[in-house]
Amino acid sequence: IYQQILEADADQPEALHLLGVIAHQRGESEQAVTLIEKALSINPTYADAYSNLGFILKALGRLDDAVTLFEKALSLKPDFADAHNNLGLTLREQGKVEQAIENYKKALNIRRDYAEAHSNLGNAFMELGRMDEAEASYTQAIALKPDFAKAHNNLGDTQKKLGRLDEAEASYT
């Protein structure tokens, strides 16, 4: 459908952007970058496109570029929970864990029911050895999304590190 839209209007930014997202999902990340960059050249205020391009560049290991794009998305749309979460993921990967925590918290202030951001916050707390806060974050993620396997596993890891092996076993199963 996006191809058909682009046949009618080759400069349709939403179709270019979403076709780029699909290209990335198909493993064609360089093509995705090209498509989304074209969308942004047409509409330089397209926050979702900046965020998705940042996500793709993060996957390609271009972390500094990804941070810049997430920040651009947030300058256009400050209440963009996904961009805060993805900026947090990128900052954490850069070793900037405290800054990552700030962004996860911003995402959660915007969207309290964001299970993935709660889990990511737990991962950052765990990395800093703040086990009680990690446990609370994973527990909240699971409360919001009971089938969230990664959060269950990470909760188990946290409980194991706290010496609560019976609880850890229950979290793993």
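Going by what's in this entry, would ASP113 be described as touching a residue at least 12 places away in the same chain (Cβ under 8 Å), open to solvent by 20 Å² or more (accessible area, probe 1.4 Å) and either outside any helix (DSSP H, G or I) or farther than 29 Å from TYR46 by Cβ (or both)? Against the criterion (touching a residue at least 12 places away in the same chain (Cβ under 8 Å), open to solvent by 20 Å² or more (accessible area, probe 1.4 Å) and either outside any helix (DSSP H, G or I) or farther than 29 Å from TYR46 by Cβ (or both)), ASP113 qualifies.
The conditions of being at pLDDT 95 or above and within 24 Å of LEU74 (Cβ to Cβ) are met by GLU93.
Each row is one residue, and each column tells you yes or no for (1) touching an Asp or Glu at 6+ places or on another chain (Cβ under 7 Å); (2) open to solvent by less than 80 Å² (accessible area, probe 1.4 Å); (3) of a type in the set (Asp, Glu).
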residue: SER29; (1), (2), (3): no, yes, no
residue: LYS38; (1), (2), (3): no, no, no
residue: TYR50; (1), (2), (3): no, yes, no
residue: GLY54; (1), (2), (3): no, yes, no
residue: LEU57; (1), (2), (3): yes, yes, no
residue: LEU74; (1), (2), (3): no, yes, no
residue: ASP79; (1), (2), (3): no, no, yes
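Yes/no per residue for (1) acidic (Asp, Glu); (2) in a helix (DSSP H, G or I):
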position	(1), (2)
TYR50	no, yes
LYS58	no, yes
GLU71	yes, yes
ASP79	yes, no
LEU89	no, yes
GLY95	no, no
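The test for being buried (at least 21 other Cβ atoms within 10 Å of the Cβ) and part of a helix (DSSP H, G or I) does not hold for LEU108. Taking segment 1-45 as the region of interest, the helices (runs of 4 or more DSSP H) fully inside it that hold 3 or more residues being touching a residue at least 24 places away in the same chain (Cβ under 8 Å) are 13-25, 29-42. Contact map, segment 143-157: first residue in a loop (DSSP other than H, G, I, E, B), second residue not hydroxyl-bearing (Ser, Thr, Tyr), Cβ cut-off under 7 Å, separation 6 or more or different chains; pairs are LYS145/ALA115; PHE148/ALA115; PHE148/ALA141; PHE148/ILE142.
The values are calculated or read from the model by the stated rules, or taken from the named source; none is laboratory data. Because the structure is predicted, anything quoted here is derived from the model rather than measured. Virtual Cβ from ideal backbone geometry, glycine too; neighbours counted across all protein chains shown. Side chains are part of the model used for accessible areas, which takes the heavy atoms of the whole protein and leaves out ligands, DNA and RNA. Shrake-Rupley method; radii C 1.70, N 1.55, O 1.52, S 1.80 Å.
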